[in-house]
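To start, the structure itself, in structure tokens.
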């Protein structure tokens, strides 16, 4: 519809009201679906679901560690792979605790958990494993340790930058 000069006054008023209504609707939709506003309104659901899932993971990790210790008690044997497994459980609980205290998970913790899991596999299966697989797993541990070291350096550099900007 094009507003032409031969329209009557009533038609022009209707057209102007309609255009104003369209502009209002446009503004309302822009405000509703504005990227930052939508992100802020959904932010609490992300935080709540993340904290809930981590709490569930923490509880299940504690239950799994209790079950594992109970199994060791029944067998009356504690081997090195058992200690590695308990260490993995402790690291997972520590990672969850770190999240609750700082609201972020340091990337080095999952890397350390992966290194511990690989070491556990090497200890458990080294007798029956082919040398090439053993070397590959040892290489993976080396790569993960280098990655953890580099991430630690990055964190130290970030702290230095924060200290320099504070003064």
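The values are calculated or read from the model by the stated rules, or taken from the named source; none is laboratory data. This structure is a prediction, so every number in the text was calculated from the model and none was measured. All Cβ positions, glycine included, derive from the backbone under ideal geometry; neighbour counts span all protein chains shown.
For residue 51, state whether it is surrounded by 10 or more Cβ atoms within 10 Å (Cβ to Cβ), modelled with pLDDT of 75 or more and over 25 Å from residue 90 (Cβ atoms). I'd like the intermediate steps shown before the answer.
On the way: surrounded by 10 or more Cβ atoms within 10 Å (Cβ to Cβ): yes; modelled with pLDDT of 75 or more: yes; over 25 Å from residue 90 (Cβ atoms): no.
So residue 51 fails the test.
Counting only residues that are part of a helix (DSSP H, G or I) and over 22 Å from residue 85 (Cβ atoms), segment 111-135 holds 3 of them.
Does segment 117-139 contain any residue that is within 22 Å of the chain's Cα centre (by Cα) and within 27 Å of residue 158 (Cβ to Cβ)? Steps first, answer last, please.
Narrowing segment 117-139 to residues within 22 Å of the chain's Cα centre (by Cα): 117-118.
Imposing the further condition that a residue be within 27 Å of residue 158 (Cβ to Cβ) reduces the set to none.
Within segment 117-139, not a single residue is within 22 Å of the chain's Cα centre (by Cα) and within 27 Å of residue 158 (Cβ to Cβ).
Out of segment 1-48, which residues are at pLDDT below 70 and within 39 Å of the chain's Cα centre (by Cα)? Across segment 1-48, the qualifying residues are 32, 33, 34, 35, 36, 37, 38, 39, 40, 41, 42.
Looking only at segment 84-110, residues that are touching a helix residue (DSSP H, G or I) at 6+ places or on another chain (Cβ under 7 Å) and not in a helix (DSSP H, G or I) come to 3 in all.
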